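Structure first, commentary second.
All of the numbers you see were taken from the coordinates with simple rules; none came from a lab. Here the structure is a predicted model, which is why all the values come from computation and not from measurement. Here Cβ is always computed from backbone atoms with ideal geometry, including for glycine, and neighbour counts include all displayed protein chains.
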Amino acid sequence: MAHPYVLLSAAVSLDGRLDDTGPERLLLSGPADFDRVDEVRAESDAILVGAGTLRADNPRLLVNSAERRAARVAAGRPEYPLKVTVSGTGDLDPAANFWSTGGEKIVYTSDQGAPAANRALRGLVDTGNVGGTGTGTGTDVVSVGSSLDWRAVLTHLHDVRGVRRLMVEGGGRVHTQLLQQGLADELQLALAPLVVGQPDAPRLFGPGEYPGGPRGRMRLIETRPVGDVVLMRYVPTAPGTGNAPSAADHRWLRLACELATECPPSRTAFSVGAVVVAADGTELARGYSRESDPVSHAEEAALAKIEPGDPRLPAATVYSSLEPCARRASRPAPCARLILDAGVRRVVTAWREPDTFVAAADGNGLLAGAGADVLVLPEYEDAAKAPNRHLDRHVDRHIDPCASGPANGVHWS
């Protein structure tokens, strides 16, 4: 299930508040940061806010710069990004600015909330608060099941609406849910030079369990002043759990595929990259094929750099660009066995091993049969294949008979 790149965008006070408790919205950013946000909007395919934010702040969610809108049109994109809101109950305000400005809109709701959402949209026609493009109100109502399922929302946006970059502007409940479920690829946080000081003022993130637990750390990728605020950009690092892929899983698997390009070339073995990551997002080790000697494998090279018995290994994840091997002639134990012997019980990979060197290889099956969670993200298969194009036409032509669904306890996402 492919998802858009999910960017959480927010401005907070020095004490972590999104707003104060007064009737008017507290403007935390200044002109320079508002212009930065406008640029981020223009770069996005869609902008999402929760229905509560529509009621509380009544945002328009527009690209204000005429030059940026013109650039979108010149690039063959709609003048405005798709505007998205979510409401499990379907409780929508027909008078909100959201409906009467910009281009197309979409509402995600539950089976129970869909009738209420449709009634609210009929109210748009009755009140004349109709804008945008498309038929009727220019707004689609999509139910994603018995409850508001974020993974279903993101999958629909990606697969049906073609959204590749999603900007999420709040509110705090939406940001909290996406971050807690490991679905946020990036956090852009503008820190404003003021203190709200009100205990009941809304916070950016609510209480609960977050990826990596209380020790999980994000990675800071940029910090810079924007007017009188400071912009900080963070990306998550804590792996997902079980068979549910997280944004960090995608990031680490991309790194494993990049490491595969560093392998010394060989015509008798695959080029593979691997990374071992602790539950809190700490990188424990990385490796690639033939890094240490002519027959070493990527997972073997990475695991050899970690002290045996490291207490972080049982909760760690191994990312490998190619399915760990189940049989090999050059070492007593294949990589799937080395992973299990190290205590690791979660593996994320991009590409099932073709029959180029070993017929009917099934390292994933060996891992899953021993109780490990194995997750295959086939959207990275091309990246995993790229350093191996020289080997054989079989690399390109091989079609895994299990690629259409789960097999041997392996989860395909």
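Subtracting the Cα-Cα distance of Leu14 and Arg267 from their residue separation scaled by 0.36 nm leaves 85.4 nm. Could you check what % of the DSSP bridge pairs in the chain are antiparallel, to the nearest 5? The antiparallel fraction comes to roughly 40 percent. Multiplying the residue separation of Thr89 and Asp200 by 0.36 nm and removing their Cα-Cα distance gives an extension gain of 37.5 nm.
Kirkwood radius and radius of gyration were both taken over the C-alpha atoms of the range 34-92, and their ratio Rg/Rh is 1.04.
Bridge orientation summary for the range 5-235: considering DSSP beta bridges with both residues in this region, about 30 percent are antiparallel. With R₀ set to 35 Å, the beta-carbon distance separating Ser146 from Glu379 gives a calculated FRET efficiency near 0.80.
Exposure proxy shown here: for Met232, Met218, Met167, the number of other Cβ atoms within 10 Å sets the order, fewest to most, as Met232, Met218, Met167. What the Cα atoms of the range 1-54 give is an Rg and a Dmax of 13.5, 42 Å. Between the entries [x] 28; [y] 42; [z] 23, the label attached to percent of Cα pairs over 33 Å apart calculated for this structure is [y]. Rounded to whole numbers, the Karplus 3J(HN,Hα) couplings from phi for the range 350-366 are 10, 9, 6, 5, x, 7, 4, 10, 10, 6, 6, 5, 8, x, 4, x, 4 Hz, using 6.51 cos²θ - 1.76 cosθ + 1.60 with θ = phi - 60°, and x at Gly and Pro.
Using just the C-alpha positions of the range 220-347 as equal point scatterers, what log10 of I(q)/I(0) does the Debye formula give at each q in 0.18, 0.19 1/Å? Ignoring solvent entirely, the Cα scatterers give -0.92, -1.00.
In plain terms, the chain from Glu67 to Asp341 could stretch by 92.8 nm, reckoned as 0.36 nm per residue minus the Cα-Cα distance. Give me log10 I(q)/I(0) at q = 0.11, 0.15, 0.18 Å⁻¹ for the range 5-235, Debye formula, one equal scatterer per alpha-carbon, no solvent. So the normalised log intensities work out to -0.56, -1.08, -1.54. Spatially, the range 345-364 and the range 17-68 are offset by 46 Å when compared through their Cα centroids. Stokes-Einstein, applied to the Kirkwood radius of the range 276-362 over Cα pairs at a viscosity of 0.890 mPa s and 25 °C, places its translational diffusion at 186 µm² s⁻¹.
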